[in-house]
Amino acid sequence: MLVDLRELEAGSTLEADLCIIGAGPAGISLALEFADTPTSVLLLESGGLDFEGDTQALAGGANLGIPYWDLEVARLRCLGGGSNH
């Protein structure tokens with residue numbers, strides 16, 4: 001089931017045995033490992049089903065280590081995460 005949390009009533013509570021943050025390749029793969037098991041899983045993604053500029057802007061930040069691409073370019077905040085590159 002897919003639920004857009006922006007549509008939930010304020011004060012709503014979500015419960016699960018396991019909460020996975022990030023619905024990119026790793027998060028989706030981990031969640032699928034628990035399919036058909038008694039473990040309830042909540043897979044959270046900060047973006048929606050498709051790319052949204054306003055949400056993607058949240059990925060910005062400073063890179064203070066080894067040279068790397070700008071974070072807002074290297075990561076995608078939507079279902080599938082970096083696999084959408």
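Table for the structure above
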read-out: Restricting the stretch 51-85 to residues that are touching a helix residue (DSSP H, G or I) at 6+ places or on another chain (Cβ under 6 Å), charged (D, E, K, R) and farther than 20 Å from R6 by Cβ, the residue that is most open to solvent (accessible area, probe 1.4 Å); value: R75
read-out: Yes/no for S40 being among the hydroxyl-bearing types (S, T, Y), within 13 Å of the chain's Cα centre (by Cα) and loosely packed, with under 14 Cβ neighbours inside 10 Å; value: no
read-out: Within the stretch 20-37, tally of residues that are on the phi > 0 side of the Ramachandran plot and open to solvent by less than 50 Å² (accessible area, probe 1.4 Å); value: 1
read-out: Near pairs, Cβ below 8 angstrom, 6+ apart or cross-chain, from the stretch 1-19 (exposed (fewer than 10 other Cβ atoms within 10 Å of the Cβ)) to any residue that is in a loop (DSSP other than H, G, I, E, B) and modelled with pLDDT of 95 or more; value: E15/S40
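The values are calculated or read from the model by the stated rules, or taken from the named source; none is laboratory data. The structure displayed is predicted, hence computed values, not measured ones. Heads up, the Cβs are rebuilt from the backbone with ideal geometry, glycines too, and the neighbour counts pull from every protein chain shown. SASA here: full protein model, heavy atoms, side chains in, ligands and nucleic acids out. Shrake-Rupley method; radii C 1.70, N 1.55, O 1.52, S 1.80 Å.
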